[in-house]
Amino acid sequence: MSKSIPNHKTYKTIDEQIKYLKESKKIIVDKEDEHWFIDVNYITLINPYKDFLVNGKDSNGNHIYPNYVNYKELLKIMNLELQFSDVLYKDIRNFERKFKNVTFSILCKRYVQEQQDIYCLNYVNEIYNFNNQYSIEKNNKSILKYPMFCTRLFNTLTKSGYIEKDYDSQSRVDLLQKIYCLGTGLKIDDCKVDTKNKLITHYVNRNRIAPLWTIPNALTLGEISMIFSMLDESIQNEIYCVMQNKTFFNKDSKFEYQKLSKYTGKIEYIRNMRNVINHYEPIFPTLVATINNKAKLIKSS
């Protein structure tokens with residue numbers, strides 16, 4: 001490999017980073033603040049906040065730093081963001097906890113009402129039978145018998161309704177297999193999940209099958225969102241009514257898919273913010289990117 005790679009930056013020690021900041025970006029780091037370059041990654045310290053200090057770009061596309069500034073000014077912004085992230089994390093946590101509980105509570109209620117499955121265990125057989133059938137008839141989806149909670153497995157939401165499309169279908173099948181493994185402790189195809197969630201393992205060890213209401217304890221917000229996207233409209237609406245005290249149906253009893261599209265887009269945005277905060281990444285760039293390009297929110301979700 002060539003020693004010189006165009007457009008790539010060489011690694012710098014902490015002393016070199018501090019010198020580079022002063023010479024290239026007019027950012028002065030005092031001795032008492034040097035520990036931040038040990039505690040936090042350089043790009044997390046500088047990149048999210050440098051736009052607050054620049055005055056446009058030159059003809060080569062490089063940022064222009066008009067004045068020298070002490071790094072303490074960036075620390076003020078970073079500390080403000082940390083406080084904001086702490087508050088935001090609590091709201092996201094509360095939403096995630098409620099969304100998980102509401103989704104699976106309504107699913108369990110449906111299993112009881114429609115299948116007289118008072119123990120909420122039928123989901124295991126449904127996934128097992130579907131998986132076996134899918135391995136044989138994956139190209140003939142019209143004859144597949146889906147589990148109750150994923151009748152829209154091979155459908156993609158648009159603002160005017162669902163269309164049949166294989167977008168991300170393998171990820172959804174993988175999620176079903178994961179749920180089966182969680183609920184039984186068994187392997188299905190090449191999928192084997194070892195969970196340390198004590199609530200689920202308690203039921204598996206005692207009764208061989210964990211009831212459906214325990215499963216969300218081992219699922220991520222993204223996985224819960226994926227399950228929500230696979231539900232039929234009546235279940236989605238019931239969840240939405242509890243979560244938002246609103247309905248997806250208009251005055252003429254017509255289902256408004258545009259509302260559903262916006263809601264799933266918001267869930268995706270919340271999931272993204274959750275991941276950013278949990279991985280100790282700056283949240284400001286995520287917020288600014290959304291403000292600058294709102295259309296991307298729904299499209300990417």
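Can you tell me the FRET efficiency between K109 and F249 if r is taken as the Cβ-Cβ distance and R0 is 22 Å, rounded to the nearest 0.05? Efficiency for this residue pair is about 0.70.
Per DSSP H run of n ≥ 4, the term is -39500 (n - 2.57); total these for the chain, divide by its residue number, and report the mean residue ellipticity at 222 nm rounded to 500 deg cm²/dmol. Walk me through the intermediate numbers first.
Values: 12 runs with 167 residues, N = 301.
Taken over the chain, the calculation gives -18000 deg cm²/dmol.
Comparing the chain with the 2.2 N^0.38 Å rule of thumb, its C-alpha radius of gyration ratio is 1.29 (two decimals).
Peptides 267-273, 193-199, ordered by how many other C-beta atoms sit within 10 Å of their residues on average, highest first, read 267-273, 193-199. Spin-label pair D194-S135: with each label point 7 Å from Cα along the Cα-Cβ axis, the two points sit 2.3 nm from one another. Approximating the spin labels as points 7 Å out from Cα along Cα→Cβ, the N205-to-D168 distance works out to 3.5 nm.
Approximating the spin labels as points 7 Å out from Cα along Cα→Cβ, the F84-to-C241 distance works out to 3.8 nm.
The charge dipole of the range 97-210, taken about its Cα centre with unit charges on the Cβ of Lys, Arg, Asp and Glu (plus for the first two, minus for the last two), comes to roughly 540 debye. Counting only protein heavy atoms and a 1.4 Å probe, the range 117-209 has 59 square angstrom of accessible area per residue.
How high is the relative contact order of the range 105-259, given as a whole-number percent (alpha carbon pairs under 8 Å, six or more residues apart)? Show your work: numbers first, answer last.
Numbers: 174 pairs, mean separation 37.0, N = 155.
Taking the mean separation of contacting Cα pairs over the length of the range 105-259, I get 24 percent.
Sorted on the mean count of surrounding Cβ atoms within 10 Å across their residues, most packed first, peptides 227-237, 18-28 read 227-237, 18-28. Computed from the C-beta positions of E34 and N275, the FRET efficiency with R₀ = 35 Å rounds to 0.70.
As a fraction of the 1.4 Å probe accessible area of the range 83-229, surface on carbon and sulfur atoms comes out at 48 percent. About its Cα centre, the chain has a charge dipole of approximately 340 debye under the convention of +1 per Lys or Arg Cβ and -1 per Asp or Glu Cβ, with nothing else charged. Between 0 and 90 degrees, the angle of helix 122-137 with respect to the longest Cα principal axis of the chain falls at about 80 degrees. Computed as a quarter of the hull surface, the mean projected area of the alpha carbon convex hull for the range 128-280 stands at 10.7 nm². Output the pairs from K159/K262; K145/K259; K159/K266; K138/K159; K100/K178 with a Cα-Cα distance over 18 Å in this structure; if there are none, say none. The pairs that break the limit, which is 18 Å between Cα atoms, are K145/K259; K138/K159. Between the helical axis of 198-207 and the longest alpha-carbon principal axis of the chain there is an angle of about 20 degrees.
One decimal place: the segment D51-W213 gains 53.7 nm when fully extended, by the rule 0.36 nm per residue minus the C-alpha distance. Working note: Karplus 6.51/-1.76/1.60 with θ = phi - 60° gives the range 111-121 the couplings 4, 5, 6, 9, 10, 6, 8, 5, 9, 6, 10 Hz, where Gly and Pro are set to x.
What's the magnitude of the charge dipole for the range 172-295 around its Cα centre, counting Lys and Arg as +1 and Asp and Glu as -1 at the beta-carbon? Answer in Debye, nearest 20.
Working: 17 positive and 12 negative charges, 58 e Å.
Charge dipole of the range 172-295: 280 debye, to the nearest 20.
Cα axis of helix 221-230 to longest principal axis of the chain: angle in degrees, 0 to 90, nearest 10? Long axis of 221-230 versus the principal axis of the chain: about 40 degrees. Peptides 276-283, 120-127 ranked from most to least packed, by the mean per-residue count of other Cβ atoms within 10 Å: 120-127, 276-283. Dipole of the chain computed with +1 at Lys/Arg Cβ and -1 at Asp/Glu Cβ about the Cα centre; of Q17, N41, L53, farthest Cα towards the positive end is L53.
Normalised by residue number, the volume inside the convex hull of the Cα atoms of the range 186-254 is 123 Å³ per residue.
The values are calculated or read from the model by the stated rules, or taken from the named source; none is laboratory data. Since the model is a prediction, treat every value here as computed from it, not as a measurement. In this analysis, Cβ positions are derived from the backbone assuming ideal geometry, glycine residues included, and neighbour counts consider all displayed protein chains. Heavy atoms of the whole protein, side chains included, go into the accessibility calculation; ligands, DNA and RNA do not. Shrake-Rupley method; radii C 1.70, N 1.55, O 1.52, S 1.80 Å.
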